[in-house]
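Where a number appears in this text, it was derived from the coordinates with a stated rule and is not lab data. Please read these numbers as outputs of a predicted model, since none were measured by experiment. A quick note on method: Cβ atoms are made from the backbone with ideal geometry, for glycine too, and the neighbour counts reach across all protein chains shown.
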Amino acid sequence: MPGKLLEEFVIPARYGRGFVVEKGQVLRIAQVEGGQVGDCAFFNADDPKETFHCGQSWAINVTAGTGTSKAFKYFYSKPPRENVMLTVLEDTYPNHWGNMGGRCSTRLYEIRDNLPPGSHRSCQENLREAVEPFGLTGDDVMDVFNVFMNVDLFTDGSFKILPTEVGPDDHIDLRAEMNVLAAVSACPADTSPTNNFRSAPLAIRIFEG
């Protein structure tokens, strides 16, 4: 169980926020209303060139027997460092999209929904805004972890996004193994099944280790 609650805030629906989780602290990403997906980017707060790598995390966890594409125990940084950035301590909804690394963007909404640029917020925009106060830009946002996202993968290599089934009491607890700059977007997707065709807030809680 995590220790003393140090900080707590809510990320409004359709927006994002950046914050630092110090080494040893526990980050909880939690539902407020249920049914909400989050897109999460993680950086070494002391050297932002070291970032979370979705594919390497998936590959190493599967190889080591510590996870699958739906849920894994260790979040690794991109090669050549491949350090453990975060360790999962508790996951009440182990059904995430942990092997893709992408997010909704202006281009995606244009292709999928025929929406003109600037007419709909996106996780890319949210994450850019979240990291800018820390001296980073949208170009610095690499892989993301699609927390609580429900996706079916098929043998022909295709996928289908399904409505998330995450409930209002669900959360994931991540212990920081280094000082981590986290950026979390409460995904604004309301034109697809991702968030059950709506958007809702996400709660962030940071605990002592």
> If you place +1 on the Cβ of every Lys and Arg, -1 on the Cβ of every Asp and Glu, and leave all else neutral, what size is the dipole of the stretch 36-197 about its Cα centre, to the nearest 20 Debye?
Replying inline: 320
>> Just want to confirm a number: the relative contact order over the chain, from Cα pairs under 8 angstrom separated by 6+ residues, in percent.
In response: 45
> So how far, in whole Å, is the C-alpha centre of the stretch 8-36 from the one of the stretch 141-193?
Replying inline: 13
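Once you list every other residue whose beta carbon is under 11 Å from the beta carbon of Cys187, what net charge do they have if Lys and Arg are +1 and Asp and Glu are -1?
Local net charge: +2.
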> Which of the lysines could a cross-linker bridge to Lys23, judged by Cα under 20 Å and excluding same-chain residues fewer than eight apart?
Replying inline: Lys4, Lys49, Lys73, Lys78
>> Using helices alone, I'd like the mean residue ellipticity at 222 nm for the chain: each DSSP H run of four-plus residues gives -39500 (n - 2.57), total over residue count, nearest 500.
In response: -4000 deg cm²/dmol
> Using 0.36 nm per residue, how much length does the chain from Lys23 to Ser105 gain when fully extended, once their Cα-Cα distance is taken away?
Replying inline: 26.4 nm
> Taking the chain as a Gaussian network, where each spring joins two C-alpha atoms under 10 Å apart, which residue of Gly35, Gly65, Gly167 fluctuates the most?
Replying inline: Gly65
